[in-house]
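The values are calculated or read from the model by the stated rules, or taken from the named source; none is laboratory data. Please read all numbers here as calculations on a predicted model, not as lab measurements. Note: ideal-geometry Cβ built from the backbone for every residue, glycine included; neighbour counts use all protein chains shown.
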């Protein structure tokens, strides 16, 4: 991102969000002497953010060095920055897209595997019809009893079907699915939560990186920064000559 420094000159800065620690923060923690199993999705996202951070810092350093170099024409410096920014952007984007896609595929896989009990019962239709005919209070009690008793026939009939077939509201159905998942897939749900948080952090970092690259590649921005610096240095030189 760009900041305005004291003399009015704009300066590129790396957002704190472009850091692999934003991903690692959500990784599974070691408990006692038990080391967590390596999570390939976490490793891919972390490596992508590490690359983004390193390339972002290198781009900012290049930008600052070019602006400080009075030995080459302004146009040359602008082209150098813009060309490098484009290459860096493509390199990091490819890595981020691949890591995000890997995590998204795993998230979708976990969601699908924990969506409802496996299999289809021959009594699914009768169960749904019976639940739909109940009052909301009766239906709530029946479903609570099914959860407590691990009645997969009833739970499966409800969770595999659209809510209208059982008379439940969307909120009720999703609340039931959440409780079912927490009860029967606790490890998967913890991992799903970690991956979702990692993906959110990756999106924030990716957006910040794209913004940085666009600013570095913006000829107007680079020209403005160089012009501001030239003006400042010219004023300083005139002051020194008049002293």
Q. Would you pick out the residues in segment 171-201 that are farther than 16 Å from residue 108 by Cβ, crowded, with 17+ Cβ neighbours inside 10 Å and touching a residue at least 60 places away in the same chain (Cβ under 8 Å)?
A. 180, 201
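Against the condition part of a helix (DSSP H, G or I) and at pLDDT 80 or above, how does residue 212 come out, does it pass? Explain how you work it out, then say what you get.
Working: part of a helix (DSSP H, G or I): yes; at pLDDT 80 or above: yes.
Considered against the rule, which asks whether it is part of a helix (DSSP H, G or I) and at pLDDT 80 or above, residue 212 comes out as yes.
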Q.
Checking residue 27 against (1) touching a residue at least 12 places away in the same chain (Cβ under 8 Å); (2) more than 25 Å from residue 213 (Cβ to Cβ); (3) exposed (fewer than 13 other Cβ atoms within 10 Å of the Cβ), only one condition comes out false. Which one?
A. (3)
Q) Quick one: is residue 188 modelled with pLDDT of 95 or more and over 37 Å from the mean Cα position of the chain (by Cα)? A) no
